[in-house]
Amino acid sequence: MLLVIDIGNTNIVFGLYEGETLRASWRAGTVASRTDDELALLLRGFLAQATVAPEAIEGIAVACVVPALAGPISGMCEKLFGQPPFILSGDEAPGVAVDYRPPSDVGADRIANAVAAHALYGGPVIVVDFGTATTFDAVAADGTYLGGAIAPGVEVAADALATAASRLYRVGFARPPGVVGKSTVESLQSGMYYGLVGQVERIVAAMRQELGDRARVIATGGLAALVAPDCPCIEAVHDPLTLDGLRLLWDRANRKATGHSL
């Protein structure tokens with residue numbers, strides 16, 4: 001079995017693959033001060049839920065955008081599984097051409113998303129990931145990662161607004177009854193929701209002008225399913241896109257290490 005770990009700024013997502021099938025996945029809050037022992041305890045509990053022994057894990061692939069957790073996650077893998085993980089980065093992405101300066105600056109999750117989207121949906125393709133940041137990633141027809149755009153995630157923007165404006169407050173993200181809010185809560189939700197929809201539509205339209213109108217658009221991340229119905233540009237929502245990309249990249253890295261062709 002293959003264990004994949006996506007360490008984001010808000011959540012850590014663990015995925016367990018049996019072949020190409022995602023057998024189980026778990027989500028925990030990201031705490032940058034976690035130690036390798038804490039991570040091992042957490043993951044051991046998740047594996048017990050799936051009745052999987054640590055000895056059954058044959059490989060581990062990690063995407064990490066929280067530098068403080070890179071060391072502890074590697075230590076956890078050595079302690080719990082007796083093996084080092086494959087840690088994805090922009091300059092360590094098997095079989096992926098990265099047209100970004102420098103390649104190491106690309107978030108590992110963005111590379112994983114690009115690889116999975118191209119493998120599953122073809123190219124050119126644009127990936128919209130609704131996470132702590134809302135990211136837009138462009139992939140060429142041949143699979144080259146071209147770059148993209150990064151915007152504040154809607155939750156981050158809402159927190160900033162509530163902090164900066166003394167008469168406004170934090171509200172939950174939701175699709176409001178209409179664009180014209182009838183209360184402060186509805187007005188805030190309208191601005192958050194339709195502002196995000198407009199942002200997605202405009203950035204995707206501009207990217208398509210550079211990539212070609214036939215570029216497909218795939219969405220992932222926590223808010224994707226909620227926002228997608230109001231975004232005509234989004235063709236599909238694929239929740240485990242990052243995990244699928246890590247599985248594909250681990251497979252490429254493993255084949256390369258064993259001398260098999262990609």
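Descriptive notes on the structure:
- Index of the failed condition, residue 221 passing every other in (1) within 28 Å of residue 169 (Cα to Cα); (2) among the small types (Gly, Ala, Ser); (3) free of Cβ contacts under 8 Å to residues at least 60 places away in the same chain: (3)
- Exclusive hit being surrounded by 15 or more Cβ atoms within 10 Å (Cβ to Cβ), touching a Cys at 6+ places or on another chain (Cβ under 9 Å), part of a helix (DSSP H, G or I) and basic (Lys, Arg), set 208, 252: 208
- For region 9-29, a residue qualifies if it is of a type outside the set (Phe, Trp, Tyr), over 14 Å from residue 56 (Cβ atoms) and assigned to a strand (DSSP E or B), and the qualifying residues are 11, 12, 13, 15, 21, 22, 25, 27, 28, 29.
- Residues that are touching a Phe, Trp or Tyr at 6+ places or on another chain (Cβ under 7 Å) and either more than 12 Å from residue 216 (Cα to Cα) or at pLDDT below 95 (or both), drawn from region 115-139: none
- Any hit, region 220-235, residues being more than 23 Å from residue 123 (Cβ to Cβ) and charged (D, E, K, R): yes
- Picking from residues in region 211-225 that are under 19 Å from the mean Cα position of the chain (by Cα) and not in a helix (DSSP H, G or I), the one that is modelled with the lowest pLDDT is 222.
- Residue check for residue 245: part of a helix (DSSP H, G or I), closer than 25 Å to residue 13 by Cα and out of contact with any Phe, Trp or Tyr (no Cβ under 7 Å at 6 or more places or on another chain): yes
- Within region 30-65, the residues that satisfy the criterion of being assigned to a loop (DSSP other than H, G, I, E, B) and surrounded by 15 or more Cβ atoms within 10 Å (Cβ to Cβ) are 30, 34, 52, 57, 65.
- Unique match (being in contact with a Phe, Trp or Tyr (Cβ under 6 Å, 6 or more places away or on another chain) and farther than 19 Å from residue 254 by Cβ) among 106, 66, 31, 52: 106
- Residue that is nearest to residue 223 (Cα to Cα) [pool: residues in region 159-173 that are aliphatic (A, V, I, L, M) and surrounded by 13 or more Cβ atoms within 10 Å (Cβ to Cβ)]: 171
The values are calculated or read from the model by the stated rules, or taken from the named source; none is laboratory data. The model shown is predicted, which means the values in this text are computed figures rather than measured ones. Positions of Cβ are backbone-derived with ideal geometry, glycine not excepted, and every protein chain shown enters the neighbour counts.
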